[in-house]
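Let me begin by presenting the structure, written as structure tokens, before commenting on it.
The values are calculated or read from the model by the stated rules, or taken from the named source; none is laboratory data. Keep in mind it's a predicted model, so treat the numbers as computed, not measured. Here the Cβ is made from the backbone with ideal geometry for all residues, glycine too, and neighbour counts use every protein chain on show.
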Amino acid sequence: MIKVSLICLMLSAAALLFPSPAQIAIMLTVAALLLFTLYFFRDPNRTTPDEQKIIVAPADGKIILVQPYGQSSAANSSTLISIFMSPLNVHVNRVPLSGKVTHLRYCPGQFMMAFDNKSMANNERMEIGIDNGRLEVRFSQISGFLARRIVCTLQNGTIVNIGTRFGMIKFGSRVDVILPPSATVVVQPGQRTRAGETVLARY
């Protein structure tokens with residue numbers, strides 16, 4: 001946000017060197033850039049459902065995938081839920097369940113389109129695991145074609161609460177959630193999610 005503001009300030013100053021018609025065009029471009037940045041970095045308050053044994057969406061967006069994950073039989077397999085975040089979605093990520101952070105791993109990689117399923121294995125990502133004593137949920141912040149920076153403030157061993165902010169992925173991206181067999185998924189592909197509010201599963 002600071003960098004964009006400085007760029008807008010420099011462009012505004014540079015506009016004074018051009019004739020009036022060009023000044024107006026530059027000023028309008030600067031205003032549009034600044035407004036889009038403010039819109040992108042918005043961080044609305046969210047109310048997590050007052051329920052026990054739920055797992056909520058860590059990201060705003062659209063569910064593009066719900067399918068078995070891993071090598072176990074379909075009846076005893078984990079479930080992968082993929083949430084695609086467009087540049088117009090709120091990009092602040094939230095903790096999907098209360099518990100202890102047991103896994104953090106940054107994986108450098110490519111910047112494929114986030115809606116491409118190959119991106120979950122090939123793109124830059126931050127893998128996160130949270131265990132609440134009953135089950136462990138793994139999820140990944142995955143960069144997209146435009147997203148070039150993943151922000152994650154979590155630390156191994158810390159206790160976190162469901163619905164709290166923990167980071168963001170800038171300018172279009174994807175979040176994959178891997179739920180254990182004991183979780184019952186209550187969402188389906190095509191459904192829209194709101195971070196910290198939409199219930200993905202119960203256990």
Filter the range 186-203 for residues that are farther than 23 Å from residue 123 by Cβ, in contact with a Lys or Arg (Cβ under 9 Å, 6 or more places away or on another chain) and not polar (S, T, N, Q); the one that is surrounded by the most Cβ atoms within 10 Å (Cβ to Cβ) is 196
With the checklist (1) under 24 Å from residue 143 (Cβ atoms); (2) at pLDDT 95 or above in hand, flag the one item residue 38 doesn't pass.
(2)
So is residue 58 in contact with a Leu (Cβ under 9 Å, 6 or more places away or on another chain), modelled with pLDDT of 75 or more, surrounded by 12 or more Cβ atoms within 10 Å (Cβ to Cβ) and part of a strand (DSSP E or B) or not?
no
First in the range 96-108 and part of a loop (DSSP other than H, G, I, E, B), second anywhere and among the polar types (S, T, N, Q) and at pLDDT 95 or above, Cβ under 6 Å, 6 or more apart
97/132; 98/132; 98/161
Among residues of the range 74-107 being out of contact with any strand residue (DSSP E or B) (no Cβ under 7 Å at 6 or more places or on another chain) and farther than 22 Å from residue 190 by Cβ, the residue surrounded by the fewest Cβ atoms within 10 Å (Cβ to Cβ) is 75
Residues of the range 151-174 being part of a loop (DSSP other than H, G, I, E, B), at pLDDT below 95 and among the small types (Gly, Ala, Ser), in sequence order, are 172
With respect to residue 133, is the statement that it is buried (at least 17 other Cβ atoms within 10 Å of the Cβ), in a loop (DSSP other than H, G, I, E, B) and touching a Gly at 6+ places or on another chain (Cβ under 8 Å) true?
no
Regarding residue 93, is this residue polar (S, T, N, Q), under 20 Å from residue 45 (Cα atoms) and part of a loop (DSSP other than H, G, I, E, B)?
no
Can you tell me which of (1) surrounded by 13 or more Cβ atoms within 10 Å (Cβ to Cβ); (2) at pLDDT 95 or above; (3) not hydrophobic (A, V, I, L, M, F, W, C); (4) not assigned by TED's automatic domain parsing to the domain that holds residue 180 is the one residue 47 doesn't meet?
(1)
